[in-house]
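Only the coordinates and a few stated rules stand behind these numbers; no lab work does. All of these numbers come straight from a predicted model, not from anything done at the bench. Cβ atoms come from the backbone with ideal geometry, glycine included; neighbour counts cover every protein chain shown.
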Amino acid sequence: MNKTKMATPKVAGKAFHPKKRINRKTKLHLVFDGNARREFLTGFHKRKVQRQKKAKEELDHQLREERKRLKQEVGHKK
């Protein structure tokens, strides 16, 4: 029972490994839109400012509503 290793063919002193075949039918191709990429990468600050502005507007709206409610409560108690 001699166990023998299968020798891999050598080319110029290096082991030779055959290339894997590329499945061209199901290979995924990505196409990048340069303008969209640039807008995404450079728009972080702009989107942050936009989020902050929206949050401030919502807070102002809530404060106005709270003031209205308080005025109505005070008016009913008199």
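A compact table of results
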| quantity | calculated |
| --- | --- |
| P(r) weight above 14 Å for segment 15-61, C-alpha pairs, percent | 73 percent |
| Sites L28 and K48 - FRET efficiency at Förster radius 35 Å, r taken between beta-carbons, to 0.05 | 0.60 |
| Lys, Arg +1 and Asp, Glu -1 on Cβ, resulting dipole of segment 20-72 about Cα centre, debye, nearest 20 | 440 debye |
| Counted charge near K54, where neighbours are those whose Cβ lies closer than 12 Å (Asp, Glu -1; Lys, Arg +1) | +2 |
| Those aspartates and glutamates that a straight Cα-Cα span of less than 18 Å connects to K56, excepting residues fewer than 8 apart in one chain | E65, E66 |
